Amino acid sequence: MKYIDLHCDTLMKCYLDGVSLRENQNHIDLMRLKEASLLAQCFAIFIPTHQSAEEYNVTLGPEEYFHANVEVYNRELAQNADIILPALHVDDIMSNDKSDKMSAILTVEDGGLVDGNSDKLDELYNLGVRIMTLTWNYENCFGYPQSMDAKIMALGLKPFGIEAVRYMNDLGIIVDVSHLSEGGFFDVAAHSKKPFVASHSCCRVLCDASRNLTDQQLKLLGEKGGVCGVNFAADFLEMDAAYTKTESVIRHLKHIINTAGTEAPAFGSDFDGISAELEFKDCSGMPSVIEALCKEFSTGQVEKICMDNALRVFRDTFKTIKT
């Protein structure tokens with residue numbers, strides 16, 4: 001069965017470490033994705049700022065860094081057009097699949113590079129961005145990050161954030177609430193006219209990490225037609241865990257179904273952005289994860305988790321590229 005993954009950080013490895021997207025020793029490369037029957041991979045451009053910029057020794061500003069990564073993304077896709085092509089619309093995904101090619105979808109993690117300017121959202125869209133995680137772990141022009149501090153966690157979107165959510169709806173960029181404060185989440189739910197996603201999050205009731213969604217959030221996400229891509233990070237699946245078990249992934253998928261409905265769960269691996277050892281190793285282990293799902297869920301439910309739920313959100317939000 002083919003699958004869609006809503007989030008990985010592999011482009012950072014390509015840019016910072018100079019690794020090839022076709023073959024490498026990280027969680028994801030194209031040859032292993034092809035073997036694992038990938039339908040579409042969302043490739044995030046994570047924008048390091050503040051302490052994270054120091055940690056990764058990034059000296060470029062957010063906008064310069066973004067464009068440098070777009071160049072890497074475009075170059076890697078051009079060099080590997082025999083097995084993967086960009087997708088700007090669901091029709092592209094279907095067409096690529098008919099040609100026996102995987103699809104790549106460009107996303108941004110931390111929209112701070114927009115810097116309060118709606119014109120930059122147009123620029124991102126025209127460069128192929130189709131999903132944007134509004135915040136990472138720092139305050140930006142949209143709002144505030146998830147936090148252990150209840151006061152920060154309660155803060156909502158800034159006025160520009162509300163305006164941007166509506167504009168992203170009109171453009172065809174999916175709003176991603178992973179990393180966002182709870183107050184910001186509820187503002188997105190109140191103001192978004194289109195389904196939104198938590199591209200790489202898990203369930204707070206099963207693992208009390210501030211990055212995970214409460215049952216109230218999950219229910220609202222389901223009511224709004226969105227999806228939650230389960231993150232494979234061990235410490236988002238189980239408290240203080242350092243080893244990711246397949247059964248833990250299944251446990252969170254079951255809870256999403258029980259809380260938000262069968263239309264809500266998806267995969268959001270966070271491959272190449274997590275440090276835990278995984279029972280299924282890397283993207284090459286996705287068939288074993290899907291095989292395990294088939295023992296716990298109906299065929300229809302597995303199809304929804306693997307690709308149908310994500311495809312539905314894509315259909316409801318993506319548009320053809322502007323002319």
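In the chain, the DSSP-assigned H stretches of four residues or longer account for a calculated mean residue ellipticity at 222 nm of -11500 deg cm²/dmol, using -39500 (n - 2.57) per stretch and the full residue count as denominator. FRET efficiency for the pair Met239 and Tyr138, taken as 1/(1 + (r/R0)^6) with r the Cβ-Cβ distance and R0 = 22 Å, rounds to 0.35. With the simple model of a label 7 Å out from the Cα in the direction of the Cβ, Lys151 to Met31 spans 5.4 nm. For the peptides 250-261, 152-163, the ranking by packing is 250-261, 152-163, with the highest mean count of neighbouring Cβ atoms within 10 Å listed first. Applying the Karplus relation 6.51 cos²θ - 1.76 cosθ + 1.60 with θ = phi - 60° to the range 205-220 yields 3J(HN,Hα) values of 5, 8, 8, 7, 9, 5, 6, 8, 8, 6, 4, 4, 5, 4, 4, 5 Hz, where x marks Gly and Pro. In the range 153-238, which trypsin sites (Lys or Arg not before Pro) are in a loop and have at most 15 other Cβ atoms within 10 Å, using DSSP for the loop call? Sparse-neighbourhood loop trypsin sites (Lys or Arg not before Pro): Lys193. Taking packing as the residue-averaged number of other Cβ atoms within 10 angstrom, the listed peptides 56-68, 28-40 run from highest to lowest as 28-40, 56-68. Each of Lys319, Lys304 has some number of other Cβ atoms within 10 Å of its Cβ, and from fewest to most they run Lys319, Lys304. Net charge near Tyr144: determine it from the other residues with C-beta under 12 Å of the C-beta of Tyr144, scoring Lys and Arg +1 and Asp and Glu -1. Its environment carries a net charge of -2.
Computed over Cα pairs, the Kirkwood radius of the chain leads via Stokes-Einstein (1.567 mPa s, 4 °C) to a diffusion coefficient of 67 µm² per second.
Counting Lys and Arg as +1 and Asp and Glu as -1, what is the net charge of the other residues whose Cβ lies under 15 Å from the Cβ of Phe297? Summing Lys and Arg as +1 and Asp and Glu as -1 gives -2. A dipole drawn for the chain from +1 and -1 charges on Cβ atoms has a positive end, and of Leu124, Cys228, Met153 the residue lying farthest that way is Cys228. Looking at the square roots a ≥ b ≥ c of the eigenvalues of the Cα gyration tensor of the range 45-151, which shape do they give, rounded for a/c under 1.5, prolate if a/b is larger than b/c, or oblate? Cα axes put the range 45-151 in the prolate bin.
Sorting the segments 18-25, 177-184 by their mean number of nearby beta carbons within 10 angstrom, highest to lowest, gives 177-184, 18-25.
Quick note: the coordinates plus some simple rules give every number you see, no bench work behind them. Note that this is a predicted model, so its numbers are computed, not measured. Note: ideal-geometry Cβ built from the backbone for every residue, glycine included; neighbour counts use all protein chains shown.
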